[in-house]
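Everything below concerns the one structure shown next.
The values are calculated or read from the model by the stated rules, or taken from the named source; none is laboratory data. Computed from a predicted structure; not experimentally measured. When we count neighbours, we look across all protein chains shown, and the Cβ atoms used for this are built from the backbone with ideal geometry, even at glycine. Heads up: the accessible areas ignore ligands, DNA and RNA and are worked out on the full protein's heavy atoms, side chains in. Shrake-Rupley method; radii C 1.70, N 1.55, O 1.52, S 1.80 Å.
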Amino acid sequence: MQKLVILQSMWAMERRHTDGLERSLEENVQKIVGAGFDGISMSVSDSALFRRATQLLEPGNNAIEAQCFPRTVDDLKPVLDLCASVGVHHLDIQADVRPRRIADCIPLLDGWQRLAEQVDFPVYLETHRDRMTTDLYFTLDLLESRPALMLIGDLSHFMVGREFSVPISEENHAFMHQILDHCWAFHGRVASREQVQIEISFPHHRPWLDIFLGWWEYGFRSWRRRAGPDDSLAFVCELGPKPYAITGPDGNDTTDRWREALTLKDYAKTLWDTTAM
């Protein structure tokens, strides 16, 4: 039976408050598990820290999204070895290169794909600014060249990158639907056309929230049609700390990001239930 796994970003657990206090790794993992998340999303840049975090997860709360930032094909090899030794739900590639031509991307994509075929977990390419996928049109061209490319949809980057006018045109919705039809996991964050992360609890931001809920609903339905009967879809609550989070004159978040992450988790569950109908 298809299922949804909702993960919490470890990066999003950073407070970066002016009081200088941060929770320990153990406290963060305990907080995530206690709130009913199915696991975590975390960078593998510090492999020892990554291993420590995964060892803290309890049975039943052990879905892991590993994140990496390769610049070459060979950069992916040690990451795959690490993920294979730990056991992950999937690996997220943020391609830390910025080619101006599609032809320059192909050797990297094909090389990463060859390596990904050697492991038993999925490897996805994230849509993200200042990466290979920084631009919506460029990413659509990548998909034309490699239709089997499997994406993680962080749609906030395309919203702010293209600075869509509202109401969003049917043409732009169609472009986003092309992206969503290639998404195999999602990062949850709501953007406006000017900010990459806005406060979802503010009533005047509801129009932006509704846009993203509509895109995620389309993406969930698309995934259900493409995925196998026993596959699981990962949705990562990724409300980042400042400077992603908007701050007030005191230098601190304008909202409680943890509470908003829990709200986002509830929205994802509701959308999942809705798309089952």
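Among the residues of this structure, R224 counts as one that is of a type in the set (D, E, K, R), under 19 Å from the mean Cα position of the chain (by Cα), open to solvent by 20 Å² or more (accessible area, probe 1.4 Å) and more than 26 Å from M13 (Cβ to Cβ).
With respect to the conditions (1) out of contact with any strand residue (DSSP E or B) (no Cβ under 8 Å at 6 or more places or on another chain); (2) closer than 16 Å to H128 by Cα; (3) in a helix (DSSP H, G or I), E217 falls short on a single one, namely (2). Is it fair to say R52 is free of Cβ contacts under 8 Å to residues at least 60 places away in the same chain, in a loop (DSSP other than H, G, I, E, B), open to solvent by 70 Å² or more (accessible area, probe 1.4 Å) and farther than 20 Å from L239 by Cβ? It is false that R52 is free of Cβ contacts under 8 Å to residues at least 60 places away in the same chain, in a loop (DSSP other than H, G, I, E, B), open to solvent by 70 Å² or more (accessible area, probe 1.4 Å) and farther than 20 Å from L239 by Cβ. Quickly run through the range 1-44 and pick out the residues that are among the acidic types (D, E) and touching a Leu at 6+ places or on another chain (Cβ under 8 Å). Within the range 1-44, E26, D38 qualify.
Okay, residues lined up against (1) in contact with a Phe, Trp or Tyr (Cβ under 8 Å, 6 or more places away or on another chain); (2) open to solvent by less than 40 Å² (accessible area, probe 1.4 Å):
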{"residue": "R162", "(1), (2)": "no, no"}
{"residue": "S165", "(1), (2)": "no, no"}
{"residue": "N172", "(1), (2)": "yes, yes"}
{"residue": "Q178", "(1), (2)": "no, no"}
{"residue": "C183", "(1), (2)": "yes, yes"}
{"residue": "S201", "(1), (2)": "no, no"}
{"residue": "H205", "(1), (2)": "no, yes"}
{"residue": "D210", "(1), (2)": "no, no"}
{"residue": "W216", "(1), (2)": "yes, yes"}
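Scanning the range 225-255 for residues that are more than 19 Å from D181 (Cα to Cα), of a type outside the set (V, I, T) and either part of a helix (DSSP H, G or I) or free of Cβ contacts under 8 Å to residues at least 12 places away in the same chain (or both) returns P243, G248, P249.
With the requirement that a residue be more than 15 Å from I179 (Cα to Cα) and either acidic (D, E) or in a loop (DSSP other than H, G, I, E, B) (or both), what does the range 98-128 give you? Matches in the range 98-128: R98, P99, R100, R101, D104, D110, E117, Q118, V119, D120, F121, P122.
Tell me yes or no: at least one residue of the range 75-94 is free of Cβ contacts under 8 Å to residues at least 60 places away in the same chain, within 23 Å of S9 (Cα to Cα), of a type in the set (G, A, S) and part of a loop (DSSP other than H, G, I, E, B). Yes. Kindly check whether there is at least one residue in the range 110-127 that is among the acidic types (D, E) and either open to solvent by less than 30 Å² (accessible area, probe 1.4 Å) or under 18 Å from V236 (Cα atoms) (or both). Yes, there is a match, as at least one residue in the range 110-127 is among the acidic types (D, E) and either open to solvent by less than 30 Å² (accessible area, probe 1.4 Å) or under 18 Å from V236 (Cα atoms) (or both).
Set side by side, the residues F202, F235 differ, and just one is under 26 Å from N62 (Cα atoms) and either modelled with pLDDT of 95 or more or of a type in the set (A, V, I, L, M) (or both), which is F235.
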